[in-house]
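Heads up: the structure comes next, in C-alpha cells.
The values are calculated or read from the model by the stated rules, or taken from the named source; none is laboratory data. Remember, it's a predicted structure, so these values are computed and weren't measured experimentally. Quick reminder, even Gly has a Cβ in these numbers, built from the backbone with ideal geometry, and neighbours come from all protein chains shown.
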C-alpha cells in the first residue's frame, strides 16, 4: 500500500541552525501538507501546498519557515533559524484530489530537537 | 509549577469489549471529519471518515456517528483488541480551506 515517507526520523540541531525536513508524498497525490505536534499537545496545521505554491498557511508558519517541491517526488520543510520552541514532531501529509475535502494520509514524522 | 501539555481523556476497556470514543467539534461549518489513530512515536493513521450529509458510516470493526445538532462525533470499535491501544483523534475540515483541525485526543488502553 502506498505511504508517505519522511526523513530523517530524528534530527537534533543547535538553536539558530537551519534544518530541512524531507517528505516523499504518495505518488499520485496533488496536495501536500506539513503539521507539527509539540510533545503532549494537539496536532497543528502549518501549511498546505498545491500546484507548486502555498495554498494555505497558519499563524505558526512565519517567515522562518518555507516549503519547496524541488523535484517530482520530494516535498521539504525548511526552518531557517531554529528556536527552542520549534522542538516537535513534524508530520508530512498528502491527499489525492484537489481541494480540502479529501482524506489526508500522514507520514511517520520527524522528531526535531533544538538545543 | 504550571503544568504544560494536554491531559488526555483516557479510556480503558477489556479485550473483546466494545469501545466508544467521543469528540466534540467546535465549528458548525465543519463538514468533513476523520478519525485518526496515533500509536506512540508514529504519525496519525486514517481509520474512517464521514461527511456532514451522513449520520453514520461503518467500516471494518469501526463505526462513526455524527450528530450535527450538538456538534458531536463518536467512534465505536467493536471487539476491541490489544492492537487498538493508541491515542484517537477526531479531525474536522471546514469547506473554506484545506487544513484539518485536530481534537485533543483520547488515549485508549485495552486490557488483555
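Structure summary
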{"read-out": "Every residue from the stretch A:44-61 that is in a loop (DSSP other than H, G, I, E, B), over 21 Å from residue A:114 (Cα atoms) and more than 9 Å from chain B (Cβ to nearest Cβ)", "value": "A:51, A:52"}
{"read-out": "The stretch A:97-107 - residue that is modelled with pLDDT under 95 and not in a strand (DSSP E or B) and, of those, surrounded by the most Cβ atoms within 10 Å (Cβ to Cβ)", "value": "A:104"}
{"read-out": "Number of the exception - residue B:25 against (1) modelled with pLDDT under 90; (2) within 12 Å of chain A (Cβ to nearest Cβ); (3) under 12 Å from the mean Cα position of the chain (by Cα)", "value": "(2)"}
{"read-out": "The lone exception for residue B:89 - which of (1) surrounded by fewer than 20 Cβ atoms within 10 Å (Cβ to Cβ); (2) touching a residue at least 24 places away in the same chain (Cβ under 8 Å) it fails", "value": "(1)"}
{"read-out": "Test: residue in the stretch A:75-96 that is over 15 Å from the mean Cα position of the chain (by Cα) and part of a strand (DSSP E or B)", "value": "no"}
{"read-out": "Test for residue B:61: is it more than 10 Å from every other protein chain (Cβ to nearest Cβ), at positive phi and in contact with a strand residue (DSSP E or B) (Cβ under 8 Å, 6 or more places away or on another chain)", "value": "yes"}
{"read-out": "The lone exception for residue A:37 - which of (1) away from chain B (no Cβ under 11 Å); (2) closer than 30 Å to residue B:31 by Cβ it fails", "value": "(1)"}
{"read-out": "Residue satisfying condition, being surrounded by fewer than 18 Cβ atoms within 10 Å (Cβ to Cβ), without any contact (Cβ under 8 Å) to a residue 12 or more places away in the chain and assigned to a loop (DSSP other than H, G, I, E, B), within set A:16, A:40", "value": "A:40"}
{"read-out": "From the options B:20, B:77, B:34, B:48, residue that is within 12 Å of another protein chain (Cβ to nearest Cβ) and farther than 20 Å from residue A:37 by Cβ", "value": "B:48"}
{"read-out": "Selection status of residue B:102, surrounded by 20 or more Cβ atoms within 10 Å (Cβ to Cβ) and either within 25 Å of residue A:91 (Cα to Cα) or within 14 Å of another protein chain (Cβ to nearest Cβ) (or both)", "value": "yes"}
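To keep it simple, each residue is scored yes or no on (1) within 21 Å of residue B:100 (Cβ to Cβ); (2) within 11 Å of chain B (Cβ to nearest Cβ); (3) out of contact with any helix residue (DSSP H, G or I) (no Cβ under 9 Å at 6 or more places or on another chain).
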| site | (1), (2), (3) |
| --- | --- |
| A:16 | no, no, yes |
| A:24 | yes, no, yes |
| A:42 | yes, yes, yes |
| A:67 | yes, no, yes |
